[in-house]
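Every number in this text was worked out from the coordinates using simple rules, so none of it is lab data. Please read all numbers here as calculations on a predicted model, not as lab measurements. All Cβ positions, even for glycine, are placed from backbone atoms using ideal geometry, and neighbour counts span all protein chains on display.
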Amino acid sequence: MVPMPKSRGRRRKPHRTLPDVHRLDAGSSRARALAEFPILQATDAAEARGDARAALRIIERDQQRRGDENFWRPGKVERLGLLNALGPLLPRWATSRWILAQALQWLDQWSRARTARALEIAIAARGGEAALLGGDELDARVKVIDHDWVFRQTFLYELGGLQHFVSRVASADLLAGADGIHDWARTPMGAFRLVGESALSLTWSDLATDQEIESLNLGAASLLQPGECAIGRLVAVAEGAMFESAPLAVPDEVAQQVAEAPSEWVGIVSAACRERRWTDEPILTDHGHDFRLLTDVPLAMQQIVAVLAFERTTGRRAPLDSGAVLSVEHCLLRAALDDRLEDVLPGCSPFPSVAATLLDPLVIRRLRDVLAPSDSSKLERLGALLAGPASDLCLALARDLATAAV
């Protein structure tokens, strides 16, 4: 049977959660920051041991004690929920991405200094404090830390955050479950042009070598059309190649410059941001990157595909209230199972969004609401169209249904 995770409470609630001392110091008293250290250190230590179950139990007990689910970032809770629910089905690269997330949240004196420097670089790339969006200074900085592509890349790679975590913090057990994480830490920035997309793979032209390369289609091209460019770090995994996290869509001229001088990418992106500030869609935004564990599809894109599928298959406007999100997502999965997704979003494959929806812990928990015994063969067909653990989940569900029907 496919394990079903427990409910995590209300869905995607707006949050100002600050689960690290860097953020607490930004807008709170030092006493409050220090008071939160033990619980933060306990969860981080459990994760560094590779024990997602223990980390999740600590968080759940803390949520019950506080009576407040908003202290912990939803992304962290979702990540641990997926690791617990889908453990045997997950590829080794999922552990590598888990290590990236841990490196970003680890609390020690070197990480605090690294965070401050990465934040400074990322804010400067956007055009300074005045260019940030948020309800106040703290909220604006939280958005940068959570969603800024330059911050993440600078912290992990240029400033050595990933190498520090791998060499000094992560346990041998955690590293043993990863896929090429030592090589990930040494991977330089690259520049790529999207050539084409299929349900399972993306084809890119490496602008530095003019060679074509395929990557797993986890949704890295969700914001791109063929011929458009992105920069990122393409890494080798057992299944082929993938981006260590979603790449950044950039204008052609920016990609060409990065291809010629990969180590200068921060300055190149910063200069491009300054030039485009008043004329075009900004390169760096607060809604394009969610850095999720198993998908590169932006949450906004996933929701757009679900709404379009709902309206097309039901002939009704999609409900906008938060309580109806699950029904809309289940409608997307039903449409995928019934092969009714053709041209839902012209020019863009809907299957990465289907995979992302299928791998939502709350959707997994309620899958029985949309599956029937006759869906076994449909799940097998859908699994052949999805990349990564979503495919394995479909096949596992198909086996469960076939067994139950006997």
Checklist entry - Quick one: Cα convex hull volume of the range 340-399, Å³ per residue? => result 88 Å³
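Could you work out [θ]222 nm for the chain from helices alone, using -39500 (n - 2.57) per DSSP H run of at least four and dividing by all its residues? Round to the nearest 500 deg cm²/dmol.
On the way: 19 runs with 208 residues, N = 406.
Calculated from helices alone, the mean residue ellipticity at 222 nm is -15500 deg cm²/dmol.
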Next on the checklist: Only four residue types carry charge here, +1 at the Cβ of Lys and Arg and -1 at the Cβ of Asp and Glu. Report the dipole size of the chain about the Cα centre in Debye, rounded to the nearest 20.
Outcome noted: 1680 debye
Next on the checklist: Considering the Cα positions of the range 115-262, please state its Rg to one decimal place and its Dmax as a whole number of Å.
Outcome noted: 16.5, 46
Checklist entry - Using 7 Å Cα-to-Cβ label points, what is the D210/F71 separation (nm, one decimal)? => result 5.9 nm
Item to check | Residue order, fewest to most beta carbons within 10 Å, for E342, E197, E137 | outcome: E342, E137, E197
Item to check | Under the Debye formula (equal points on every Cα, no solvent term), log10 I(q)/I(0) of the range 299-405 at q = 0.10, 0.13, 0.16, 0.20 Å⁻¹ | outcome: -0.25, -0.43, -0.65, -1.02
Item to check | Distance between the range 134-162 and the range 298-337 - C-alpha centres, whole angstrom | outcome: 31 Å
Item to check | In nm, spacing of pseudo-spin labels at D183 and E275 (7 Å Cα→C-beta vector) | outcome: 3.4 nm
Checklist entry - Where the Cα atoms of the chain are projected onto their three principal axes, how long is each span, largest first, in whole Å? => result 59, 53, 43
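Once the piece of chain linking A402 and D338 is laid out straight, how much longer is it, given 0.36 nm per residue of separation minus the C-alpha distance between them?
21.3 nm
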Item to check | Relative pair counts by distance (%), Cα atoms of the range 21-176, 5 Å bins | outcome: 1, 8, 17, 21, 21, 17, 10, 4, 1, 0
Item to check | Residues S377 and E311, FRET efficiency given R0 of 25 Å [Cβ-Cβ distance, rounded to 0.05] | outcome: 0.40
Item to check | Modelled label reach - A300, point 7 Å along Cα→Cβ, the range 308-348 residues with backbone N closer than 14 Å | outcome: none
Checklist outcome for this item: Scoring the chain by relative contact order with C-alpha pairs under 8 Å, at least six apart, yields a percentage of 16 percent
Item to check | HN-Hα J in Hz across the range 131-137 - Karplus 6.51, -1.76, 1.60, θ = phi - 60°, x for Gly and Pro | outcome: 8, 7, 10, x, x, 7, 4
Checklist outcome for this item: Footprinting proxy, D400, D290, D136: sorted fewest to most Cβ within 10 Å, the residues are D136, D400, D290
